[in-house]
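See structure below.
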Amino acid sequence: MTYARALIRPPIRLPALSDRWATVLRAIWILFFGLSVLTVVVSTIYAVRASYWTQPVMQQFGLDFQVTTGSKLIVGTLPGRDPALPISAEVIAIDGKPVPPDLQILGLAERLDSAPGPTVDVTVRHPGGGTHLLSLSRTRITSTPAEERERNLRILARLVTGVLACAALLVCSLLLALRRPDDPVAMLLAFAFVGMAATIDPPLQFWLWTDRGIVSDTLGAVFFYLLLIALASFPDGLFFPRFSRWLIPLGIPLAIFVSFPHADEDLRGIAAVVALLAVLASQIFRFRREATGIVRQQIKWAGFGFAAGLLLLLAAVVLAAALGDDPNAYTPLTSLAVLLLFSSGMAAIALGLLVALLRFRLWEADTVITRSAAYAVVTLIVGVVWAASSDLVKMVIEELIGRESEIGATTVGAMIAAGVFAPTQSAVLGWTRARFGGPLDQIRDASKRLKTWGLTEAPEEVATRALAIIDRAVHPDASAILLHMPTGQELIAAREASAVDDPRLVERLALVDDEIPIGTLLIGRRSDGNRYNRQELEAIRKILPTLAEALQVSRGRYSRDIMMQQRLEEMAARLAQLEGGAPKPASS
């Protein structure tokens, strides 16, 4: 009933899940999680059998094949076989016996393998309607140890990458469901990740090759809808801008369209990408609207995961588009590359969202993002230098000796690139460190300012500015400074704390200048709930002596100023008394 109302009048913010709904959704999630795990296991076993039995049987009979996104099996002959038949024909009969129109690749391999005679007559129908009879005989496929090793390595890389991507999605779903059961955004993503794990490789191959593409399409529509709503309300359930809440009803037909198998694939892909980019653009607007804090860091981590994931997915799409729709253009290596890029992209998106919602090391987002971007720039520069230098050296060698030397040009190009790598890395990382310094860099830059403030500002102002510096550098959830005064310790500055005994102030660090106690710095845990890292702890230790010195100087100067002010006020009072008690002049 609540969801029905939301379809008519979408809420501006998704409400927190009640205990009853959290229990119900967790039970449903456990069921789907178990089915997804089972799907991954079964599909992995199926993929191993397809790689080491189904495909070899087809090759022994000289056949190549392709399973389309509509689960349709089309076949052709291997290169060099007579007759040369492109991968576009449909099998309609074997040894004169008709086969089912929904024949699967495993069924075809079993029929070929169990054929009684030395040859098998396979009747195929071309896309134009014509038929062709193929008389196939089984030949033993021999391969060298190097070829066998390369094939095993390729299969292993594909399966390991696919299974790891599925495992990453399932682990992300598990952590979100266990640690944030009352968070609607976390539960939406938990269900979405379960659906994603059951629809990427190797489960995707299993659904298509067993003619169950409808399952993959249905799961794809569900997880796309849930992902769209979760991203629109990320990270705290608030839809921003407000009109994005209408995705709750409008996202249903959109999800059905992008997963509808009979719609144009290019149009479906464009619609899905445009919808996701629009939702991500809304997060950019929200990021600019939010003040510095947890929400901004969550959006940074999610944005980093999406940027990395979408780049990998884009690379997979570009590679697939470059190969075209002709199945003959796909080699085992190019097919593997597309699968690796696609699976890695899906895993990167899930990991970014997981880190953001679990608030794991949120404040390291700037460091991770800038370093990743820096290494990407270094890699690009070195790659361009290597390619350009290799071509240039090749031209020089050809001019000098009159013939090409690919090995020599590549070697010299690699040496030049290696020489460029170190200074390029140093320059780029140095710029990022100066532009986006870590805790130590921020504290080091603030030390000189603290000393100056000690000479010009009151202790309260010095302490307030020092806490602002500490907040930017190490991000405690609360902080305060006590100063030793003649009357006792006095709270002179605080952030997110109202009293010295605030339970969030869990650490007490002494401020000492030349072995003279000046005061105490009180700080809480990191605002994202994680422990301080090594650099942050070192930054806190580094600011203590500078802060103590600045407070000591300011307190001494402030005390002298107070004493001078008091003396001036006393002198003014005495002068006033003398003037008031002086004899009046005689009247005429």
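The values are calculated or read from the model by the stated rules, or taken from the named source; none is laboratory data. Computed from a prediction, not measured in an experiment: that's the story for all the values here. FYI the Cβ positions are ideal-geometry reconstructions off the backbone, even for glycines, and counts take in every protein chain you see. Protein only, heavy atoms only, side chains kept; ligands, DNA and RNA dropped before computing areas. Shrake-Rupley method; radii C 1.70, N 1.55, O 1.52, S 1.80 Å.
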### Message
What's the total number of residues in segment 470-481 that are closer than 16 Å to Ile443 by Cβ and crowded, with 17+ Cβ neighbours inside 10 Å?
### Response
8
## Note on the structure
Within segment 88-97, the residues that are surrounded by 11 or more Cβ atoms within 10 Å (Cβ to Cβ), out of contact with any Pro (no Cβ under 6 Å at 6 or more places or on another chain) and not aliphatic (A, V, I, L, M) are Glu90, Asp95
### Task
For His484, work out the one condition from (1) free of Cβ contacts under 8 Å to residues at least 60 places away in the same chain; (2) crowded, with 21+ Cβ neighbours inside 10 Å; (3) more than 40 Å from the chain's Cα centre (by Cα) it doesn't fulfil.
(2)
### Query
Any idea which of Phe240, Phe285, Phe260 is part of a loop (DSSP other than H, G, I, E, B), touching a residue at least 40 places away in the same chain (Cβ under 8 Å) and open to solvent by 60 Å² or more (accessible area, probe 1.4 Å)?
Phe260
### Query
Considering segment 445-457 alone, what residues qualify as being surrounded by fewer than 16 Cβ atoms within 10 Å (Cβ to Cβ) and in contact (Cβ under 8 Å) with a residue 40 or more places away in the chain?
Lys451, Leu455
### Message
What pairs come out if I take residues in segment 264-275 that are closer than 13 Å to Ala321 by Cα and pair them with residues that are open to solvent by 40 Å² or more (accessible area, probe 1.4 Å) and not in a helix (DSSP H, G or I) whose C-beta lies under 9 Å away, six or more apart or interchain?
### Response
Glu265/Thr69
### Task
Give the residue that is farthest from Phe32 (Cα to Cα), with candidates limited to residues of segment 178-190 that are under 19 Å from the mean Cα position of the chain (by Cα) and open to solvent by less than 30 Å² (accessible area, probe 1.4 Å).
Val185
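A quick yes/no check of all residues on (1) in contact (Cβ under 8 Å) with a residue 24 or more places away in the chain; (2) among the aromatic types (Phe, Trp, Tyr); (3) not in a helix (DSSP H, G or I):
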site: Ile141; (1), (2), (3): yes, no, yes
site: Glu148; (1), (2), (3): no, no, no
site: Asn152; (1), (2), (3): no, no, no
site: Ile155; (1), (2), (3): yes, no, no
site: Cys166; (1), (2), (3): yes, no, no
site: Leu176; (1), (2), (3): yes, no, no
site: Pro181; (1), (2), (3): yes, no, yes
site: Val185; (1), (2), (3): yes, no, no
### Message
On the basis of being in contact with a Pro (Cβ under 8 Å, 6 or more places away or on another chain), closer than 21 Å to Thr44 by Cβ and among the aliphatic types (A, V, I, L, M), does Leu159 make the cut?
### Response
yes
### Query
Considering Phe193, Phe206, which residue is surrounded by 22 or more Cβ atoms within 10 Å (Cβ to Cβ), assigned to a helix (DSSP H, G or I) and under 19 Å from the mean Cα position of the chain (by Cα)?
Phe193
### Message
Which of the numbered conditions does Pro116 fail, given that it passes all the others? Conditions: (1) surrounded by fewer than 18 Cβ atoms within 10 Å (Cβ to Cβ); (2) within 45 Å of the chain's Cα centre (by Cα).
### Response
(2)
#### Entry: Test result for Leu103, surrounded by 13 or more Cβ atoms within 10 Å (Cβ to Cβ) and free of Cβ contacts under 8 Å to residues at least 60 places away in the same chain
yes
### Query
Taking Ser143 and the conditions (1) among the polar types (S, T, N, Q); (2) surrounded by fewer than 20 Cβ atoms within 10 Å (Cβ to Cβ); (3) closer than 23 Å to Leu312 by Cβ, which numbered condition does it fall short on, given that it satisfies the others?
(3)
#### Entry: Qualifying position, being within 30 Å of Phe193 (Cβ to Cβ) and acidic (Asp, Glu), among Asp19, Asp82, Asp95, Asp64
Asp19
### Query
Quick one: what pairs do we get from segment 330-354, first residue more than 22 Å from Ala177 (Cα to Cα), second at pLDDT 80 or above and outside any helix (DSSP H, G or I), C-beta under 6 Å, 6+ apart or different chains?
Leu339/Asp201; Ser343/Ile200; Ser343/Asp201
#### Entry: Top-ranked residue in segment 31-87 [being in a loop (DSSP other than H, G, I, E, B) and among the polar types (S, T, N, Q); ranked as least open to solvent (accessible area, probe 1.4 Å)]
Ser71
### Query
Could you say whether any residue in segment 504-525 is closer than 30 Å to Ala291 by Cβ and either acidic (Asp, Glu) or exposed (fewer than 13 other Cβ atoms within 10 Å of the Cβ) (or both)?
yes
### Query
Out of all the residues in segment 546-554, is one or more touching a Leu at 6+ places or on another chain (Cβ under 7 Å) and either open to solvent by 30 Å² or more (accessible area, probe 1.4 Å) or over 23 Å from Lys451 (Cβ atoms) (or both)?
yes
### Task
Could you run through segment 4-27 and say how many residues are open to solvent by 70 Å² or more (accessible area, probe 1.4 Å) and either of a type in the set (A, V, I, L, M, F, W, C) or farther than 18 Å from Arg242 by Cα (or both)?
7
### The listed residue being over 27 Å from Asn530 (Cβ atoms), buried (at least 16 other Cβ atoms within 10 Å of the Cβ) and of a type outside the set (Ser, Thr, Tyr), out of Leu312, Leu280
Leu312
